[in-house]
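Input: a single structure, listed below in structure tokens.
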Amino acid sequence: MDSLRSAAVVMLLSFAALGLLALPQGATSSAAQAAGQSEEPTPAFHSQVPAGALPQTLDPASFSNPIVQNAYALAAKVKKVLYQQPCYCHCDRNMGHGSLLDCFAGKHGSVCDVCIKEGIYSYEQTQKKKTPAQIRADIQRGEWQQVDLSKYEATPAKP
């Protein structure tokens, strides 16, 4: 009888160990995912505005989509803020961008919903008197995903 119990315990422990091995590498808990936390590092950004000039954003008139036009127009108004924000499309990895501002200094922002939403979010939060550091913390929590782009479907926008 004791040998049957011992065998059952060994078998249960073996199944438990196999179950742990079957978990994907780098899996985070659903609670951490729901809270917007990740083990992934924050994309590139600058913690301060440089002493020199910032890059110019592209002319909104060079785009036909009204949402893109509005995103670029608003980005031009908050360049110092965008310079201090990460971009969660991870263009820092594959395009060498140093911050969200780089997305609007080139055409990348015109084809990326992440950049557009983060840029508009940054503008909206600046209008609410949030600091770049506060906006960055909100972006890191994923709050930019709640931006309602329907307000930007006409030119000029009515935010």
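Here are a few things to note about the model shown:
- Some residue of the stretch 49-61 being surrounded by fewer than 10 Cβ atoms within 10 Å (Cβ to Cβ), at pLDDT below 85, in a loop (DSSP other than H, G, I, E, B) and out of contact with any Gly (no Cβ under 9 Å at 6 or more places or on another chain): yes
- Cβ-Cβ contacts under 8 Å between residues 6 or more apart (or on different chains), taken from a first residue in the stretch 127-139 that is in contact (Cβ under 8 Å) with a residue 40 or more places away in the chain to a second residue that is hydrophobic (A, V, I, L, M, F, W, C), are listed as Pro132/Val81; Ile135/Val81; Arg136/Phe45.
The values are calculated or read from the model by the stated rules, or taken from the named source; none is laboratory data. Model, not experiment: these values are computed from the prediction. Cβ: placed from backbone, ideal geometry, glycine included. Neighbour counts: every protein chain shown.
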